[in-house]
């Protein structure tokens, strides 16, 4: 079954308007509440039918913290393809990301549009007031850690640990083995008296490259000396 467009409207760049359709770039198992068209139409916003790219920033200038969910932005028909390609290629050549606002299923979103392969990728962004204000020193240490760990994107470097653990659990149950999982206390982060992880200490430790050391079990000779004492 062909994917169903989540939104149809115009992509506007100054005086140029291009008919486009929006498709989800991710899969989700969440449930949706259906609204009658009359209920949605009761809210009159220009961004309900028009996405105007009003500002342009260099690719990479938008902090990753702002990005929320990706969508594919596709031309609505063959007549729109030429203008669509011009906008895509112009963004790619100038290394820019276009930003604007879009009303999608009720709320008005801040969005970013950038080239992706042969098409355009639209990503919804969080508004600044959605963030909690963070401590300046924490941000500086965290930023330094991110800079140190920056590397080319490689999704193959990650694995689904939950799925692996679940398969191992099923295997152990089928073999009649214990499903109990032992947790090494030495791997737990240090906590302050108020049971809150000392984030600053953890970040600084990570930046220094020092991993917490596991406590070693006493040797047999030490155990014998303790018994005799």
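The values are calculated or read from the model by the stated rules, or taken from the named source; none is laboratory data. Because the structure is predicted, anything quoted here is derived from the model rather than measured. We place every Cβ from the backbone using ideal geometry, glycine too, and count neighbours over all the protein chains shown.
For this structure, a couple of remarks:
- Within the range 43-66, residues that are in the same structural domain as residue 19 (by TED's automatic domain parsing) and within 17 Å of residue 113 (Cβ to Cβ) sit with their Cβ atoms under 8 Å from residues that are assigned to a loop (DSSP other than H, G, I, E, B) and at pLDDT 85 or above, at 6+ positions apart or across chains, in these pairs: 58/95; 59/95; 66/126.
- When the criteria are applied in full, residue 108 meets the requirement of being at pLDDT below 90, under 19 Å from residue 9 (Cβ atoms) and in contact with a helix residue (DSSP H, G or I) (Cβ under 6 Å, 6 or more places away or on another chain).
- Scanning the range 81-103 for residues that are in contact with a helix residue (DSSP H, G or I) (Cβ under 9 Å, 6 or more places away or on another chain) and either crowded, with 19+ Cβ neighbours inside 10 Å or farther than 22 Å from residue 5 by Cα (or both) turns up 96, 97, 98, 100, 102, 103.
Listed here are the residues, each with its yes/no results for (1) under 17 Å from residue 103 (Cα atoms); (2) exposed (fewer than 12 other Cβ atoms within 10 Å of the Cβ); (3) modelled with pLDDT under 75; (4) out of contact with any helix residue (DSSP H, G or I) (no Cβ under 8 Å at 6 or more places or on another chain).
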| position | (1), (2), (3), (4) |
| --- | --- |
| 24 | yes, no, no, yes |
| 39 | yes, yes, yes, yes |
| 59 | no, no, no, yes |
| 64 | no, yes, no, yes |
| 70 | yes, no, no, yes |
| 75 | no, no, no, no |
